[in-house]
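Beneath this line is the structure, given in structure tokens, with notes to follow.
The values are calculated or read from the model by the stated rules, or taken from the named source; none is laboratory data. Just so you know, these numbers come straight off a predicted model, no measurement behind them. Neighbour counts run over all protein chains shown; Cβ positions are idealised from the backbone, glycine included. For accessibility, only protein heavy atoms count, side chains too; no ligands or nucleic acids. Shrake-Rupley method; radii C 1.70, N 1.55, O 1.52, S 1.80 Å.
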Amino acid sequence: MLLDIKSLTREELETQFACWGEPAYRITQLLEWLYVRRATSWDAMKNLPKSLREKLNTAFSLQTPELIRKQGSPDTTHKFLWRLADHSLIESVLIPANPALYGDDSDRHTLCISTQVGCAYGCKFCASGLDGWKRNLQPHEIIEQVLSVERACAKPNDPARTVDNIVVMGMGEPLANYDNLLKALKILNAPWGGGIGARKITISTSGLAPQIRKLAEEPMQFRLAISLHGATDEVRARIMPVNKKYPLKELINACEEYQSKKGRMMTLEYILIAGVNDSIEQTRPLASIARKVFAKVNLIPYNTVEGLKWERPSEEVCENFLEALEKQKVTATLRREKGHDIDAACGQLRLKTERELAKN
């Protein structure tokens, strides 16, 4: 299969166009078609000469994922299920921001994107890894989640952005697909590409300490979020196998090193699971970690997954957990209802659809 053109940077396109003897201004035209007008075919690029379009068609693909399902929630959260060129299924979730979600205004939208088909890290509460890991997404497959959501939401002939913020927290472990992810995010950040500010892009990880240290050396000012979900090794190891390889001491050391290089507040993601990590006693070690690594805590009531035993705490338990953290001088937010009624947990819609298709 030909390389998709959206996996190339501007510099790589400049090299290719020079080999073809094409003028440099044609690259600007091409990039406008790809990232502003979100074109899905070469023929749509009318101001490019037919000869150039033929070269592009011969050298590169221009892939667009197929929208299989779209589910909407009363709170205007929307989940998209995409079928890729090899028939793999991935998910993206468009979330309206509010004061409890990354501090953005309510008229802004955050897109949660996937980086892998499945996941190899096997967090016990997550649907993404129930059928294992299949492959990494290529840069264009990460980028296309943003472009395709904007196509689906845009008014006719309206190039305005729908996605203001990106959180890399969908299916897969982002830092296990490090090179493809960073290339995709640099393209989405570039003024000639997606034009989304680096500080509006958050990369999440379940705790891959070496890659956190590697990310600390990157010049881009992406935000970092740690999927913590347990404030002691005992609790975290029960639900997150990655903790055996990178226990909390090593993870915290990597986060401190990251902070020493970046000097910016990170986020500790903490899914509240009934009877597992939602007791008031757990707020003490959680607050200690947050202060140590200069982080805010984002509390997320568990989205139940069919076939898994974990349950969502009551609203009162969640509010009390938040209050206990705040009393310990920790900046914390509680995500109120966002998609619990639309299978919005990572990998949930994909898993349900794959099982339905297998029966037919």
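Put simply, the convex hull of the Cα atoms in segment 197-283 casts, on average, a shadow of 5.7 nm².
Given the DSSP H assignment, sum -39500 (n - 2.57) over each helix run of at least 4 residues in the chain and divide by its residue total; what's the result at 222 nm in deg cm²/dmol, nearest 500?
Taking each H run of at least 4 residues, the total per residue is -11000 deg cm²/dmol.
Taking max minus min of the alpha-carbon positions on each principal axis, the chain gives extents of 68, 51, 37 Å, largest first.
Summing Cβ point charges (Lys, Arg +1; Asp, Glu -1) relative to the Cα centre of the chain gives a dipole of roughly 440 debye. In this Cβ point-charge picture (+1 for Lys and Arg, -1 for Asp and Glu), segment 228-332 has a dipole of about 600 debye about its Cα centre. For the chain, a Gaussian network of Cα nodes joined below 10 Å ranks Ser51, Ser41, Ser128 by mean-square fluctuation, and the top entry is Ser51. With a ≥ b ≥ c taken as the square roots of the eigenvalues of the C-alpha gyration tensor of segment 277-316, please select rounded if a/c is under 1.5 and otherwise prolate if a/b is larger than b/c or oblate if it is not? Verdict is prolate for segment 277-316. Measuring r between the beta carbons of Ala198 and Glu311 and using R0 = 35 Å, the FRET efficiency lands at 0.40.
How much accessible area per residue does segment 137-214 have, counting only protein heavy atoms and a probe of 1.4 Å, in square angstrom?
Per residue, segment 137-214 has 31 Å² of solvent-accessible surface.
Taking square-rooted eigenvalues a ≥ b ≥ c of the alpha carbon gyration tensor, is segment 9-54 rounded, prolate or oblate, where a/c under 1.5 means rounded and, failing that, a/b exceeding b/c means prolate? Working shown, then result.
Values: a/c = 2.12, a/b = 1.32, b/c = 1.61.
The shape class here is oblate.
Accessible area of the chain with a 1.4 Å probe: how many percent of it is carbon plus sulfur?
50
Here the calculated FRET efficiency for Ala237 and Lys327, from their Cβ-Cβ distance with R0 = 22 Å, stands at 0.20, rounded to the nearest 0.05. Note on segment 158-202: Rg/Rh from C-alpha atoms, Kirkwood Rh, equals 0.99. Highest GNM mean-square fluctuation among Lys50, Lys186, Lys124, for the chain modelled with Cα contacts below 10 Å: Lys50. Orientation-averaged projection of segment 131-236 equals 8.3 nm² [convex hull of Cα atoms, one quarter of hull surface area]. For segment 264-307, the residue among Ala295, Ile273, Thr283 whose Cα projects farthest onto the positive side of the dipole built from Cβ charges is Ala295. Computed over the chain, relative contact order equals 15 percent, with contacts defined as Cα pairs under 8 Å that lie 6+ residues apart. If you take the square roots of the eigenvalues of the alpha-carbon gyration tensor of segment 20-99 and sort them as a ≥ b ≥ c, do you get rounded (a/c under 1.5), prolate (a/b over b/c) or oblate? Cα axes put segment 20-99 in the prolate bin.
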